[in-house]
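Enquirer: Quick one: this structure, given as structure tokens, is what I'll be asking you about.
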Amino acid sequence: QVQLVESGGGLVQAGGSLRLDCAASGNFFSINTMGWYRQAPGKQRELVAEITISGDTNYADSAKGRFTISRDNAKNTVYLQMNSLKPEDTAVYYCKARLRRMTLRESDAWGQGTQVTVSS
């Protein structure tokens, strides 16, 4: 049983900032990779950013230079700092964790999503 809870979404004007948080809880051995995905209406879910347990990061081209992903391993939490937001950033943002279960088997867990709306 693993739960990912996102927070920090909301309504912001273009050019503004938001910080998304995602905290993992439950039964697992470790979290190897944490990431943020987003899905806009009528669009496929896409990767925004991800970060490994060692701190290596990967960003979508649309996020580079504006978004920063980080994690606090002690808190099992990942953050997404979003600056210079654009209307096209409007989407439901989902937290994803690639976990190592207590059996040492890897599996993916998803949060329920948090809405980010950027007005023009």
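The values are calculated or read from the model by the stated rules, or taken from the named source; none is laboratory data. On a predicted model such as this, the values are computed, not experimentally measured, just so you know. Just the protein is used for accessible areas: all its heavy atoms, side chains included, with ligands, DNA and RNA removed. Shrake-Rupley method; radii C 1.70, N 1.55, O 1.52, S 1.80 Å.
Enquirer: At a temperature of 4 °C and a viscosity of 1.567 mPa s, determine how fast the chain diffuses translationally according to Stokes-Einstein, using the Kirkwood radius over alpha-carbon pairs as Rh; express D in µm²/s, rounded to the nearest whole number.
Expert: Working: Rh = 14.3 Å.
In µm²/s, the coefficient is 90.
Enquirer: Which whole-number value in Å² is the accessible area per residue of the chain, probe 1.4 Å?
Expert: Working: 6510 Å² over 120 residues.
Accessible area per residue: 54 Å².
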